[in-house]
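Okay, structure first, notes after.
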Amino acid sequence: MNTVQRGYLFLAACALFQLLGRGIAAGGPDMTPLALLALAISYAAGAVGLYRVLVALIMRWTRPPAPFTLDRPAPSLLRYRRDGRTMIIPLALGGRVPRLHEAAIGRWEPPHDRQSVNDDDRAAILHDIILHLAEREEAIEIVRAAARAA
């Protein structure tokens, strides 16, 4: 769940506590402290939710666009695009979270399939993927390539 979604969740909690507080207040004067508590919680939840939504939207609008795009056409695939080139990266789905093997970052799709991906490119692509998924709070396990013997 990302920041905007959590903001909407807080706003929904605000509405729920508003209804709860008003319902409790209708119960009579003996219920006033409980009703005030529910209303105070609703205002706090609303403030936090509104803050989260506004900050996330402002950050999206003011952040320069990323030089790449990353999407998930299938649960077991990532599609990475940069500079007009596309790479399909398979994910292993055996555990709790998907696993991305660094060695799976290998080739560009046609017509760029003759362009090789060196270790520096692979590290940059992996870095882009990690930042993108962390920003969206998606869990993924990165499996680094074993050190090569000299």
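No lab work stands behind these numbers, since they all come straight from the coordinates. Only a predicted model underlies this, so the values are computations on that prediction, with no experimental measurement involved. Don't worry about glycine lacking a Cβ; one is built from the backbone with ideal geometry, like all the others, and counts go over all protein chains shown.
Rounded to whole Å, give me the distance from the Cα center of segment 30-91 to that of segment 102-118.
When both Cα centres are located, 31 Å separates them.
Would you work out which of Pro73, Ile129, Leu54 lies farthest towards the positive end of the dipole of the chain? Charges go on Cβ: Lys and Arg +1, Asp and Glu -1.
In the chain, that residue is Pro73.
Placing +1 at every Lys and Arg Cβ and -1 at every Asp and Glu Cβ, with all other atoms neutral, what dipole size does segment 89-150 have around its Cα centre, in debye to the nearest 20?
The calculated dipole for segment 89-150 is roughly 280 debye.
Would you pull out the residues with amide H under 5 Å of Leu91's amide H, same chain only if 5 or more places away, H placed 1.01 Å from N?
Distant-sequence amide H within range of Leu91: Leu77, Leu78.
After finding the eigenvalues of the alpha carbon gyration tensor for segment 3-62, what semi-axes result from the square roots of 5 times each, listed largest first in whole Å?
Value: 30, 8, 6 Å, ordered largest first.
So in the chain, what percent of DSSP beta bridges are antiparallel if you round to the nearest 5?
So the antiparallel bridges in the chain amount to around 80 percent.
Report, in debye and to the nearest 20, how large the dipole of the chain comes out about its Cα centre when Lys and Arg carry +1 and Asp and Glu carry -1 on their Cβ.
The calculation lands at about 140 debye.
Counting residues in segment 68-143 as N, plug N into 2.2 N^0.38 Å and put the Cα Rg over that result.
1.04
Relative to the longest principal axis of the chain, what angle (0 to 90°, nearest 10) does the C-alpha long axis of helix 119-135 take?
That helix lies at roughly 10 degrees to the long axis.
If you project the alpha carbons of the chain onto their three principal axes, what span does each projection cover, largest first, in Å?
The Cα atoms of the chain stretch 79, 34, 28 Å along their principal axes.
Return one number: the angle in degrees, 0 to 90 and rounded to the nearest 10, between the long axis of the Cα atoms of helix 3-25 and the longest principal axis of the Cα atoms of the chain.
Taking Cα atoms only, the helix is inclined about 10 degrees.
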